[in-house]
Each structure stands twice: as C-alpha cells, then as structure tokens.
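Visitor: Following this message is one structure expressed as structure tokens.
The values are calculated or read from the model by the stated rules, or taken from the named source; none is laboratory data. Just so it is clear, the model here is predicted, and its values are computed rather than measured. We place every Cβ from the backbone using ideal geometry, glycine too, and count neighbours over all the protein chains shown.
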Amino acid sequence: MTNLPFRALIAALLAMFVLAPGMASAAPGNRSSKAGAAQAMVVQPIRIVAVNPLRFGQIARPNTAGTIIMSPLGVITATGGLLPSTAIVQTIARGPGSFNITGDPSRLFRLTLPAGNITLRSGTRTIRMSAMRSNWVSGASRLSTAGTFALSVGATLNIGANQANGTYTGTYAATVVYQ
Amino acid sequence: MKKLILASAIAIAFASPAFAAPGNTSTATGTATATIVSPITLTHTSGAALGFGRFTTGNGGTVIVSSAGVGSVTSEVTFVPSSTTTADAFTVTGDALRSFSIATTGGNVSAAGTLIPFTTTASAASATLTAGGTSSFTVGGTLTLAGTEAAGAYSGSYTATVTYN
C-alpha cells in the first residue's frame, strides 16, 4: 500500500510531464493529452523607505519638565512646562516621520515600531522619546490597490526642566512584514 | 486524472509561499529631531522708570512722554521749570535672530489713595534679537489728569511682556 504523500509526489511529477510543452506533439491514438492548469503568484516584496524625519521643531528651553506629543497627523500638543515653549516660530516646518511602503496591492501588513524609549542626543545630553505611534492600524491597514501605503509616525518627547540648548537627534527602526 | 489534478494543486500550494518569503519583510531607519533654543528673558533696566516729570494740573489734561523720553503736555497741565521726563527701559535676551513681540499694559500712579491712570506705548510692537541674542526697548506713556489731584509724589507700576513670535 503506497502512502498518500508518495503517491501525490509521483502524481505531481507526472503532472509536470503532462504540462511539459513537448507533450503537445504526442502521437494520437494511444495517448491523450489535455491542458492542465498551473498557478503561481509571485508576490511583490514589501519594501519600506524613510522619507521625512520626525521633526519636533524648535522649542524654547522650559523651566519645568513636560512633554511634546506629535500625532501621526502632525498635530503638536504640549504638557507641563512645554506649553509656552512650543508656540514659537519654526524655521523648518514640524511634522511626523514619514515612510513609503510598497508591495503587493491590497495585502495586509504588520508594522513594528520600537516599544521602548529612543534616545535623542546632542553631544552627551539626551532627550527621551517614547510612545511611538502611527497611522497603521493592526489588522486593518493594507497596501492600496496600487501597492502603496504612506506611513506617518508620531511620538512623545520627554523634555527635562532647563533642558540644555542644542539640536537633538536619534534614530528608530520601522519594520513591515506581510500578514 | 483526478489524482493528477489534486497533485498539481498541492504543488502550487507549496510553490507560492516559496516565492514570497525572501521579500516578506523590510526595515527602514527613521530619524527624529528636536531643537532646544534659549528662552526669552525680559529684564527691567535698573534705575529706569517712566517719569512723567513735575507739573501743575490746572483743570486737567495729559502729560505725554514719548518712548524716546521727550515730554509734552496738553490742556491746562504745565511742566514746572527744570522738570524732566524719562522713558522706561528693558533689555531682552534669547535665541539669536528670533523675532518677538512686546506688549505693555497701562496702570495707575497713586498717592494717599488718589489714583492717576496712565497708558503706555513701547518703542516697538515687535523686534528681532541680534546675532548675539540680545535686544532692548523703551516705554513711554500718557498720564491723564483730572485737575483735582493733590500735590505729591505719585508712583505705580505696569507690566511689560515679551513673547517669541
């Protein structure tokens, strides 16, 4: 008694012969050929490319600690001592981090952003960035029918009292995977 | 024939994920930036004051001091000889080349329960900090007299506020 997988394998090999182009010229009479169907979906790989940095902009040094929250839509809110500090003219527009994701049209994908803190540095001085968030929705965000998704990333910046002047920068990883 | 079809279907099922697997995930590095700049600080110049001078009121009028400190009177108010007027003065420090706005309130000078109201005018409504991060401005004002005020030295205060634009 031949087991089923083995028979399936044999059958698959036979199928390949049946589908081979050469078989079309098989002699009539003792053999019969019929076109089979074979399908394979070569899926466009998913790809994410960083576009714009997450820009919290210029902030007047606060007397007391507080936070600045950048929403994925680019809306700034401030708490604590940062309330008046953010209401200053910006030489470069503030905005959320942005990424272009491309891949298989309409396919669901999962996004992973850092769950912990990211450190922004200016020399030896640091600012803690936390609570990263984005416009990706678990189980709902798909690549468009054109195979694209514009990802926007926000976060919370935790600024200390009398945080030293300077431009603070840091990096974070954004990973996408097909679902 | 049935078996053949079934088998080709199985072969397809195995083949499909094999193609997608290598491109199944991708990672990009994003950057985050924030710039902390010096806060704006207003300092009242030591010894400076908005001085309306010495005058008689007559039946009332106004004393006007320009932001340059030049005094003038209206109606029946008259400066006494040797009266001097002064504009008030402030210095500002903060982020280089950043513009800011200046706001000043009015107030009252008082003596023995009598209030005399005044308004103020800054030398500019807004200004820009120098490359060194400093600036300054002066404040003049208008004192309005009813003509009934008793003689005496009156004093009071007002508030000046600077705000980054």
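Visitor: For region A:20-126, list the strands (runs of 3 or more DSSP E) that sit wholly inside it and hold at least 3 residues that are out of contact with any Lys or Arg (no Cβ under 8 Å at 6 or more places or on another chain); which are they?
Guide: Strands (runs of 3 or more DSSP E) meeting the threshold: A:47-52, A:54-60, A:66-70, A:76-80, A:97-102, A:109-112.
Visitor: Quick one: B:Thr134 ticks every box in (1) without any contact (Cβ under 8 Å) to a residue 40 or more places away in the chain; (2) under 30 Å from A:Ser85 (Cα atoms) bar one, so which box is it?
Guide: Of (1) without any contact (Cβ under 8 Å) to a residue 40 or more places away in the chain; (2) under 30 Å from A:Ser85 (Cα atoms), only one is false for B:Thr134: (1).
Visitor: Give the number of residues within region A:128-164 that are surrounded by 15 or more Cβ atoms within 10 Å (Cβ to Cβ) and in a loop (DSSP other than H, G, I, E, B).
Guide: Result for region A:128-164: 7.
Visitor: Of all residues being under 12 Å from the mean Cα position of the chain (by Cα) and under 15 Å from B:Ala68 (Cα atoms) in region B:100-135, which is surrounded by the fewest Cβ atoms within 10 Å (Cβ to Cβ)? Just the residue, please.
Guide: B:Ala125
Visitor: Still on this structure, I have one more. Going by what's in this entry, would B:Ser72 be described as free of Cβ contacts under 8 Å to residues at least 12 places away in the same chain and surrounded by 13 or more Cβ atoms within 10 Å (Cβ to Cβ)?
Guide: For B:Ser72, the condition - free of Cβ contacts under 8 Å to residues at least 12 places away in the same chain and surrounded by 13 or more Cβ atoms within 10 Å (Cβ to Cβ) - is met.
Quick grid of which residues meet (1) outside any strand (DSSP E or B); (2) modelled with pLDDT of 95 or more; (3) over 30 Å from A:Ala164 (Cα atoms):
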residue: B:Lys3; (1), (2), (3): yes, no, yes
residue: B:Ser8; (1), (2), (3): yes, no, yes
residue: B:Ala11; (1), (2), (3): yes, no, yes
residue: B:Phe14; (1), (2), (3): yes, no, yes
residue: B:Ala21; (1), (2), (3): yes, no, yes
residue: B:Ile36; (1), (2), (3): no, no, no
residue: B:Pro39; (1), (2), (3): yes, no, no
residue: B:Thr43; (1), (2), (3): no, yes, no
residue: B:Ala48; (1), (2), (3): yes, yes, yes
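Visitor: Select from region A:159-179 the residues that are over 12 Å from A:Pro114 (Cα atoms), at pLDDT 95 or above and aromatic (Phe, Trp, Tyr) and list them in ascending order.
Guide: A:Tyr168
Visitor: To continue, here is another question. Please tell me if A:Val51 is free of Cβ contacts under 8 Å to residues at least 12 places away in the same chain and either of a type in the set (Lys, Arg) or surrounded by fewer than 20 Cβ atoms within 10 Å (Cβ to Cβ) (or both).
Guide: The answer is no for A:Val51.
Visitor: Moving on. Which of the strands (runs of 3 or more DSSP E) contained wholly in region B:64-153 include at least 3 residues that are within 14 Å of chain A (Cβ to nearest Cβ)?
Guide: B:99-104, B:126-128
Visitor: For the list (1) more than 11 Å from chain B (Cβ to nearest Cβ); (2) over 29 Å from B:Leu97 (Cβ atoms); (3) of a type outside the set (S, T, N, Q), I need the number of the one condition that A:Gly103 fails.
Guide: Condition (1) is where A:Gly103 drops out.
Visitor: Just one of A:Thr124, A:Thr79, A:Thr86 is of a type in the set (Val, Ile, Thr), more than 9 Å from chain B (Cβ to nearest Cβ) and crowded, with 19+ Cβ neighbours inside 10 Å; which is it?
Guide: Matching residue, one of A:Thr124, A:Thr79, A:Thr86: A:Thr86.
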